[in-house]
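The values are calculated or read from the model by the stated rules, or taken from the named source; none is laboratory data. Quantities reported herein were computed from a predicted structural model and do not represent experimental measurements. In this analysis, Cβ positions are derived from the backbone assuming ideal geometry, glycine residues included, and neighbour counts consider all displayed protein chains. Accessible surface areas use protein heavy atoms only, side chains included; no ligands, DNA or RNA. Shrake-Rupley method; radii C 1.70, N 1.55, O 1.52, S 1.80 Å.
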Amino acid sequence: MSGPADALTPMLATLSTRRAFDGDGSWVFERKLDGVRVLATRRQDEDPRLVSRNGLSLNATYPEVVEALAAQAPGDFTVDGEIVALRRGRTDFALLQQRMGLTDPSAVGASPVRVTYYLFDLLRLDGRDTTALPLRARKALLRDTFGFRPPLRFTPHRNHYGEDLLDRACSRGWEGLIAKRADAPYVHRRSSDWLKLKCSGGQEFVIGGFTEPAGTRVGLGALLLGHYQDGVLRYAGRVGTGFDTATLRSLRHRLDGLARRTSSFPADEVRERAVHWVHPELVAQVAFTEWTTAGLLRHPRYLGLREDKPAREVVREQPAGRKR
């Protein structure tokens, strides 16, 4: 049985390029959601708590989710899922950004962004730890125990992969698929029992600096990005697209408060002019096409800040079994 220290630590998937799976139902396949990972827990006679991957309380940001969970029949549970914002049926991280970080009740109530909490796992029910049960059993309990009305949804799955399943997911504008071993327990760490099958490149990066804007641009020119390798922040390139004016101004304000004099990338030469270095605390979600042989991002595009992932945990994602 997991101890209290592990209780709100989520299970994480491993990036994979695998495209062949046995057809015996030993794996299930869920839609990869582009939102904020959230564990929700409720003890008997207490209000539900929403907790981010890095341990932050999200109750004030998503009160409608708290209310929906409080109305559930089980009075004691822990569930795992993802809070997303949907635009035309697709998860939209940029849209969710308009809700992330809001905590003032009037601002939250005035926001036009509606969120959905997709539940995909059950860790505890009525005081009993369910993490040792097979995934299929946990999902069946979750589906049968909870009432799924907006903003709560059950995350469906397919039992067979099929050669075109990922292609069809990508053609619908999905982020990809999550392949999960049907008989696997829930573990509070990254595991190869859950695999990320992505449609395109993209992950989180630490912001280590920025450049001055040029011409009519305001705020900043580009963000300088990195990831940790053996405890050292390594330079991964710059991103200068994907921003609107409000975002540029907001980012500049936050980054000015993190200013430092020396480079955030001590092991790498950064050939940029008019650089402002910052303490590596903010994490950005970035889409890109591929990595270059020099370890830099090709065609990166800024998607938004991630408040749910600690900077020190950001590493270059590597498909299982592949070396740098």
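A few points about this structure:
- Among residues of the stretch 33-52 being charged (D, E, K, R) and closer than 23 Å to Leu141 by Cβ, the one that is most open to solvent (accessible area, probe 1.4 Å) is Asp45.
- Among the candidates Ala236, Ala214, Ala169, residue that is without any contact (Cβ under 8 Å) to a residue 24 or more places away in the chain, farther than 28 Å from Leu8 by Cβ and hydrophobic (A, V, I, L, M, F, W, C): Ala214
- Restricting Thr131, Thr103 to those that are crowded, with 17+ Cβ neighbours inside 10 Å and either in contact with a His (Cβ under 9 Å, 6 or more places away or on another chain) or β-branched (Val, Ile, Thr) (or both) reduces the list to Thr131.
Matching residues to (1) modelled with pLDDT under 95; (2) out of contact with any Phe, Trp or Tyr (no Cβ under 9 Å at 6 or more places or on another chain):
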| site | (1), (2) |
| --- | --- |
| Gly3 | yes, yes |
| Met11 | no, no |
| Leu15 | yes, yes |
| Arg19 | yes, no |
| Asp47 | yes, yes |
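- Residue-level check: of (1) open to solvent by 50 Å² or more (accessible area, probe 1.4 Å); (2) out of contact with any Ser or Thr (no Cβ under 6 Å at 6 or more places or on another chain); (3) in a strand (DSSP E or B), Arg153 misses just (2).
- Residues in the stretch 70-85 that are of a type outside the set (D, E, K, R) and either open to solvent by 50 Å² or more (accessible area, probe 1.4 Å) or closer than 16 Å to Thr145 by Cβ (or both): Ala70, Ala71, Gln72, Ala73, Pro74, Gly75, Phe77, Thr78, Val79, Gly81.
- In the stretch 160-188, the residues that are open to solvent by 60 Å² or more (accessible area, probe 1.4 Å) and either on the phi > 0 side of the Ramachandran plot or among the polar types (S, T, N, Q) (or both): Ser171
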